[in-house]
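Working notes for the structure below.
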Amino acid sequence: MLKKIRLLIIASILGLLALSLIQGYLINNTYKQKKDVFISETRKAISRLDDFSPSLDKMNDVWQDHFLNIIADYYVKKISKSTVLEKLNSITDSINDTYIKNYNKELLNKNIGYNLKFQKQVKTIILLDSIRNDTIFNSKLKSSFRLLGEEFSIKEGHKVSNSLWMTDHNFQRLVNGKEKSITFNLQFETEDRMNIEGWEKIVLRKMTSLLILSVFIFLLVFGLLYYSIKNLITQKKIADIKTDFVNNITHELKTPLATLTLATKMLKTKEIISKQGIFENTVNTIERQNIRLQKLIDQVLNNSLGYQEIQLQKELVNSKKYLNLIVADFQLSLDSKSIKFHKSININQEIFIDKFYFTTALLNILENAVKYGKEHLEINIFSKTDENFIILISDNGIGIPKKEQPFLFDKFYRVGNKEVHNVKGLGLGLYYTNQIIKAHNGIISVESEVGKGTSFTIEIPLN
Ligand code: ATP
Ligand code: MG
């Protein structure tokens, strides 16, 4: 059964893990999808914004016109490629502030609802004539070239669109003292990029309800699983306790019943009537076994009482006299002489207790000390008055493992090692003791170390 529960726990943990992985995968997929939709919606909203805005379009015309003159100078070899790029840069730099301002104005009209930066990157500039293609700039070979817009790295942004500006350019130039008409084609490719501030947060915000729902479902499944397994373990514990109890009580009942059967059989024989001594002996045995059975049933019935059901009849008792008497009586009831008692009961304190119940509680602890003791058993009994009245009963017996200690005072609980199972018991003694001490508004605690011994401390209020 325990193996089954362990398997169930492992299977549930694995199932939960698999479920979380699948959920994580699905959430990640949704995140990617939402991100794609969000980026493409934004892209759509701002795409070709400069083409449709007269002010931006005009500014584009300005740098393009300038650039055609620069490129003409390059064509007649007046300037180098790097100078072309430097000059282009200085033209666009000079108009960039106004360009950004105009762009932001256009963005405002679009009402997109979040902050966005824009830039135009140069991809390629190629000069074409009948002889060759001359690449002036290629973003794949060189570092990036921001033509217009705001500063942000390629990694930080998303592509909006590509645009290609192609033009034929005719111009007149003095070459070797002669006016010459020159034509070339220009291919200027740019890429518009955008940077949406905090786009991750915006996408996550769009997923809030989904995230909350999945966390809630996860917690619910986890909680249900935890609750079911915990319940199962408790059920198993209760079932074990019940089985143990039934085994113990049958065991306890067997001996007196067997003796009773034997005794009644003997009484049926005719000879026994003539033998007065044997007859009396047998009747006494029947009586004794009967009392034993009665006691056993009383023990089960009484010892199952909860502290609210115990009706105390308290009286003032002198602690020294009372405790010494109990110990003396208890010593008398023991056959074994090898048990040493160390008493330190010298406090003449008036305590307010129900003598009958309190004695039962103390005897349960003393009986346990003997039952679970060693061959040379020593029992220490010590009392003192603090704010409360304290009685300490310790033994040098087999001790109780730490993990079992919290359950000692539970109904029917018996420590699950073999040494203990050789000793008869119902697991009710300490439960009942605890109930009695509770009924006296006191507390009982245990300290124990395996192999060294156990000590119980009872603390009851003075009045
Ligand atoms: P009974 O109902 O007849 O008293 P029991 O002695 O088994 O049966 P409790 O007195 O409630 O039941 O004790 C519960 C368990 O605690 C015992 O079975 C034993 O394992 C452990 N225990 C109690 N006292 C001691 C002790 N002094 N030393 C070692 N183990 C102890
Ligand atoms: Mg006991």
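The values are calculated or read from the model by the stated rules, or taken from the named source; none is laboratory data. The structure presented is a predicted model; accordingly, all values stated were derived computationally and were not measured. Don't worry about glycine lacking a Cβ; one is built from the backbone with ideal geometry, like all the others, and counts go over all protein chains shown. We work out accessible area using only protein heavy atoms, side chains counted, and drop any ligands, DNA or RNA first. Shrake-Rupley method; radii C 1.70, N 1.55, O 1.52, S 1.80 Å.
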> Counting only the backbone N, which residues of the stretch 58-80 are under 18 Å from the spot 7 Å out from the Cα of H169 toward its beta-carbon?
Replying inline: 59-80
> Among the trypsin sites (Lys or Arg not before Pro) within the stretch 226-282, which fall in a DSSP loop and have no more than 16 other Cβ atoms within 10 Å of their own Cβ?
Replying inline: K270, K275
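From the cross-link list K44/K140; K254/K411; K3/K254, which pairs have alpha carbons spaced over 29 Å apart?
K3/K254
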> How far is helix 319-333 tilted off the main Cα axis of the chain, in degrees rounded to 10, range 0 to 90?
Replying inline: 70 degrees
> Roughly speaking, what is the centre-to-centre gap between the stretch 41-73 and the stretch 230-253 when only Cα atoms are used, to the nearest Å?
Replying inline: 87 Å
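Run the numbers on the stretch 315-461 and let me know its relative contact order in percent, using alpha-carbon pairs under 8 Å that are six or more apart. If you can, show how the numbers build up before the last one.
Values: 250 pairs, mean separation 35.9, N = 147.
24 percent.
Return the inverse of the average 1/r over all pairs of distinct C-alpha atoms in the stretch 7-88, which is the Kirkwood hydrodynamic radius, in Å to one decimal.
Values: mean 1/r = 0.0548 Å⁻¹.
Kirkwood radius, the stretch 7-88: 18.3 Å.
Checking the table K314/K438; K32/K201; K101/K201 against a 21 Å threshold on Cα-Cα, which pairs fail?
Details: K314/K438 14 Å; K32/K201 13 Å; K101/K201 26 Å.
Beyond 21 Å: K101/K201.
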> Tell me, in nm to one decimal, what length is gained between V76 and K3 on full extension, where the rule is 0.36 nm per residue of separation less the Cα-Cα distance?
Replying inline: 17.3 nm
> Relative to the longest principal Cα axis of the chain, at what angle does helix 429-439 sit, 0 to 90 degrees, rounded to 10?
Replying inline: 80 degrees
> Per-residue ellipticity at 222 nm for the chain, helices alone: DSSP H runs ≥ 4 residues times -39500 (n - 2.57), over residue total, nearest 500 deg cm²/dmol?
Replying inline: -18500 deg cm²/dmol
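Using the structure shown, select from K35/K58; K35/K155; K35/K105 the pairs with a Cα to Cα distance greater than 22 angstrom. Don't skip to the answer; put the middle values down first.
On the way: K35/K58 34 Å; K35/K155 16 Å; K35/K105 26 Å.
Violating the 22 Å limit, Cα to Cα: K35/K58; K35/K105.
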> Of all the accessible heavy-atom surface of the chain, with the other protein chains kept in place and a 1.4 Å probe, what percent is carbon and sulfur?
Replying inline: 56 percent
> Expressed as a whole number of Å, what is the distance separating the alpha-carbon centroids of the stretch 336-393 and the stretch 1-37?
Replying inline: 57 Å
> Taking the C-alpha atoms of the stretch 315-461, how large are the radius of gyration and the largest Cα-Cα span, Dmax, in Å?
Replying inline: 14.6, 43
> For T261, what charge total do you get from the other residues with a beta carbon under 13 Å from its beta carbon, if Lys and Arg give +1 and Asp and Glu give -1?
Replying inline: +3
> Using 0.36 nm per residue, how much length does the chain from I217 to E197 gain when fully extended, once their Cα-Cα distance is taken away?
Replying inline: 4.0 nm
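Taking loop as defined by DSSP and a crowding limit of 13 other beta carbons within 10 Å, which GluC sites (Glu not before Pro) in the stretch 331-375 fit? It would help to have the intermediate numbers written out before the result.
On the way: sites: E350, E367, E375; in loops: E375.
Answer in residue order: E375.
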>> Taking 0.36 nm per residue of sequence separation and subtracting the Cα-Cα distance, how much length would be gained by fully extending the chain between N29 and S153, in nm to one decimal?
In response: 42.0 nm
> Using the alpha-carbon atoms, what tilt in degrees (0 to 90, nearest 10) does helix 2-46 show relative to the longest principal axis of the chain?
Replying inline: 20 degrees
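Do any trypsin sites (Lys or Arg not before Pro) in the stretch 374-463 lie in a loop, going by DSSP, with at most 15 other beta-carbon atoms within 10 Å of their beta carbon, and if so which? The partial results should precede the final answer.
Numbers: sites: K374, K384, K402, K403, K411, R414, K418, K424, K438, K452; in loops: K374, K411, R414, K424, K452.
Answer by residue number: K374, K424, K452.
Could you compute the FRET efficiency for L210 and I112, with r as their C-beta to C-beta distance and R0 at 22 Å, rounded to 0.05? Present the calculation step by step, with values, prior to reporting the outcome.
Details: r = 23 Å, r/R0 = 1.05.
Result of the calculation: an efficiency of 0.45.
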> For the stretch 47-200, what's the relative contact order in percent, using C-alpha pairs closer than 8 Å and at least 6 residues apart?
Replying inline: 25 percent
> Looking only at Cα atoms, what is the convex hull volume of the chain per residue, in Å³?
Replying inline: 295 Å³
> Between I273 and L253, what is the FRET efficiency for a Förster distance of 30 Å, r being their Cβ-Cβ separation, to the nearest 0.05?
Replying inline: 0.55
> Hey, any idea what the orientation-averaged projected area of the convex hull of the stretch 47-200's Cα atoms comes to, in nm²?
Replying inline: 10.0 nm²
> Accessible area per residue, 1.4 Å probe, Å², for the stretch 71-175: what's the number?
Replying inline: 59 Å²
